[in-house]
Every structure is written in structure tokens, then in C-alpha cells.
Amino acid sequence: MSARWYVIHVYSGFERKVAQSIEEQAKQAGMADRIQQVMVPMEEVVEVRRGQKVNAERKFFPGYVLVKMDLTDECSRW
């Protein structure tokens, strides 16, 4: 079976923590080879703060984590 993208809805502000947790749990379960990519979509924006232009990262889809993986019955158990 080929890998597909899955969308996980999480609390806003916890996207990076959830992405890191997914990767760690997959390693512990011995299924890290099934996960190709865990991603928190971010974009570079230019903001003006105190009259200065500042480059900043902003979440493109706040509250969502994207996971590209090969989902099997074993993966859905954890």
C-alpha cells in the first residue's frame, strides 16, 4: 500500500508538540518506517513591529497536523 496524507485536528498552539509526540510514539512502537513525514504547515510572513519589518513564521492551518504515512491495522491500534 502506498503512503497517503492524513489530517489530524489538535488544540491550537499544540501542533508542534503533537507532531513530535507522533514521531516519538512511532519509534517506540517500531513503526517509524511507516511514517514518511509529519508536518505543521507554516508560512513566512513579514510583520511590522514598532516600525520595523520583521520576518516571522505563521501557521498556515492552525489546529492541524499533516501526516504522510502507510496506514495499516497495526498502526491504527496505537
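Tabulated values for the structure
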read-out	value
Residues that are of a type in the set (Ser, Thr, Tyr), touching a residue at least 24 places away in the same chain (Cβ under 8 Å) and surrounded by 12 or more Cβ atoms within 10 Å (Cβ to Cβ), drawn from the range 7-34	none
Contacts under 9 angstrom Cβ, first residue in the range 35-53 being in contact (Cβ under 8 Å) with a residue 12 or more places away in the chain and exposed (fewer than 13 other Cβ atoms within 10 Å of the Cβ), partner of a type in the set (S, T, N, Q) and in a strand (DSSP E or B), 6 or more apart	GLU44/ASN55; VAL45/ASN55
Strands (runs of 3 or more DSSP E) contained in the range 17-78 and holding at least 2 residues within 13 Å of VAL7 (Cα to Cα)	35-39, 64-69
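A short reminder: the numbers here are calculations on the coordinates, not readings from a lab. In this text the structure is predicted, and so the values were computed from the model without any measurement. Neighbour counts are summed over all protein chains in view; Cβ atoms, including those assigned to glycine, are modelled from backbone coordinates with ideal geometry.
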